[in-house]
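Following: one structure in structure tokens, then a few remarks.
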Amino acid sequence: MGSFLVAAAELGDPVSLIARLVRSEPLINEGLVRKKANRISFEFDTIDARMTAEEALATIADKADRSRLALLKVLTTAEHFRYLSGTEEFRDGQWYSITLLPRGERPGPFAWASSLGDDGYEENVPLVVDEIQYLFSEGDSPLAPVGAAVGRERALAQAIAEACKFPENAIGKRREAKILLGHMCAPHEIIVRDVGQASFCSALDAHGTELFHLDAGWPISYNKKTASSKPKLRVSNVPVILSHWDWDHLHGYHSIQGLAGGIWITPVQRLGPGAKLVANTLAANNRLLGVCATSVFGGPVRLVRCKGKAGNLNQTGLSVQTTLQSGKTVLYMGDADYDLVSPRMSALPDFIVATHHGAKFSGSVVLPHGGSGRCVVSVGKGNGYGHPSSAAIANHSSAGWSIEYTSQWGAVRRSDRYLGP
């Protein structure tokens, strides 16, 4: 049985969503003469708008039909998005009402949507944008009344946004996180898993036993083609350290057996409807440790909160520095710029996982200990963002890092890569 998205597409009906903007990623083409013609991938964590506030809150709490949650990607220029939405500035944490139509019904920016199924966001329904209505940004003062139609959607969105705050019973768990980290053994090595366009690493002992995981990524629907053709992963339910609540670092919760059963140490961030369902479920089972503190040290692991712009998931997550049994260190940044953590590192790293799948970043590249080191880029060939950036790779190489990829490059086949010992 198809989702509400598939049903609408088959019947030629519009789809209405309440949507939180979680990511806007430029698809830079340096060959374009007009830089404004570069397109941007606008990604939203959404919920079906055809419900009451009570139904929506039950869905987010995983007490109703979870398939009414959906992820959405819209591809258009910044200029056209501003025109359609009626807002001059777009940023993470804004809420919108979006109406979509099946492809071919009318011209408009291309969109791809996927509702939440048993194995995550796997379907990929092609649509076009009919309307985008900006509603409000998180942190806005109470809004003045507006017309009945917009007022109903905004009231629903405000109720959903309020329910998407980080679970209160999981906030301020620094002490518990420190104790959990303190009981971890130093890894022999870190495996950077070939999960296509996503990020998922695991710390292993000398026998290959998993000790903890760094992020929990699996490609979401519109990058599904980059996933490995191997049988689906099954891993141990050891602790998960989540760098930030972005879906290509989080989707394995639904798609990889074993990840949902562990204790998760995560940054406290504002969430969209689908991410809040994950947080709610973990918190309800006492498996969510939300970290607000600047840093948490324990055992072989050092967590430092990245000091980026408030509301930006990528730049306000957790960086992870892990000391191996050999005494060498591995730095994992998630999607954050290196400069947001380097002043607080205990030592320059011997190994790194390239930030943001090798995409462009601001600032400088962290230098390797001793002047040279190994760097792995977790990336899926043919992804929809153009990762990795040739400029970013050149910057890493110039800083002294030798580069490997989880995807195929040259004659080297795609595969898991190892950092250490």
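The values are calculated or read from the model by the stated rules, or taken from the named source; none is laboratory data. Just so it is clear, the model here is predicted, and its values are computed rather than measured. Heads up, the Cβs are rebuilt from the backbone with ideal geometry, glycines too, and the neighbour counts pull from every protein chain shown.
Among the residues of segment 364-380, just one is free of Cβ contacts under 8 Å to residues at least 40 places away in the same chain, assigned to a loop (DSSP other than H, G, I, E, B) and more than 16 Å from residue 338 (Cβ to Cβ), namely 372. The set of residues in segment 254-287 that are part of a strand (DSSP E or B) and more than 24 Å from residue 68 (Cα to Cα) comprises 264, 265, 266, 267.
So, of the residues in segment 382-405 that are in contact with a Gly (Cβ under 8 Å, 6 or more places away or on another chain) and part of a loop (DSSP other than H, G, I, E, B), which turns out to be surrounded by the fewest Cβ atoms within 10 Å (Cβ to Cβ)? Among those residues, the one meeting the criterion is 400. When the residues of segment 77-104 are filtered to those that are among the β-branched types (Val, Ile, Thr) and modelled with pLDDT under 95, the one that is nearest to residue 276 (Cα to Cα) is 87.
Kindly provide the set of residues from segment 121-132 that are surrounded by 17 or more Cβ atoms within 10 Å (Cβ to Cβ) and part of a strand (DSSP E or B), ordered by number. Matches in segment 121-132: 125, 127, 128, 129, 130, 132. Tell me the residue from 216, 203 that is assigned by TED's automatic domain parsing to the domain that holds residue 378, in contact with a Leu (Cβ under 6 Å, 6 or more places away or on another chain) and assigned to a loop (DSSP other than H, G, I, E, B), please. Exactly one of 216, 203 is assigned by TED's automatic domain parsing to the domain that holds residue 378, in contact with a Leu (Cβ under 6 Å, 6 or more places away or on another chain) and assigned to a loop (DSSP other than H, G, I, E, B), namely 216.
This table checks each residue for (1) under 16 Å from the mean Cα position of the chain (by Cα); (2) of a type in the set (Lys, Arg); (3) assigned to a helix (DSSP H, G or I).
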| residue | (1), (2), (3) |
| --- | --- |
| 289 | no, no, no |
| 312 | yes, no, no |
| 315 | yes, no, yes |
| 325 | no, no, no |
| 330 | no, no, no |
| 339 | no, no, yes |
| 352 | no, no, no |
| 362 | no, no, no |
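For segment 218-274, filtered to residues that are of a type in the set (Lys, Arg) and under 16 Å from the mean Cα position of the chain (by Cα), the residue that is farthest from residue 126 (Cα to Cα) is 270. Across segment 196-232, which residue is farthest from residue 418 (Cα to Cα) among those that are modelled with pLDDT under 95 and hydrophobic (A, V, I, L, M, F, W, C)? Selected residue: 220. Tell me, which residue of segment 60-89 that is in contact with a strand residue (DSSP E or B) (Cβ under 6 Å, 6 or more places away or on another chain) and in a loop (DSSP other than H, G, I, E, B) is farthest from residue 8 (Cα to Cα)? Once the filter is applied, the top-ranked residue is 87. So which residues in segment 297-310 are over 22 Å from the mean Cα position of the chain (by Cα) and of a type in the set (Val, Ile, Thr), if there are any at all? None - no residue of segment 297-310 is over 22 Å from the mean Cα position of the chain (by Cα) and of a type in the set (Val, Ile, Thr), so the list stays empty. When residues in segment 102-117 are screened for being touching a residue at least 24 places away in the same chain (Cβ under 8 Å) and either in contact with a helix residue (DSSP H, G or I) (Cβ under 9 Å, 6 or more places away or on another chain) or β-branched (Val, Ile, Thr) (or both), 9 of them pass. Here segment 215-244 is the region considered, the condition is being within 26 Å of residue 5 (Cβ to Cβ) and polar (S, T, N, Q), and the residue that is surrounded by the fewest Cβ atoms within 10 Å (Cβ to Cβ) is 229. Specify the residue that is surrounded by the fewest Cβ atoms within 10 Å (Cβ to Cβ); the eligible residues are those in segment 295-323 that are touching a Lys or Arg at 6+ places or on another chain (Cβ under 9 Å) and free of Cβ contacts under 8 Å to residues at least 40 places away in the same chain. For segment 295-323, the residue satisfying everything is 309.
Checked against the criterion of being in contact (Cβ under 8 Å) with a residue 24 or more places away in the chain, more than 23 Å from residue 376 (Cβ to Cβ) and among the aliphatic types (A, V, I, L, M), segment 215-235 has no qualifying residue.
Of all the listed residues (411, 394, 399), the sole one being of a type in the set (A, V, I, L, M), under 26 Å from the mean Cα position of the chain (by Cα), assigned by TED's automatic domain parsing to the domain that holds residue 334 and farther than 22 Å from residue 217 by Cα is 394.
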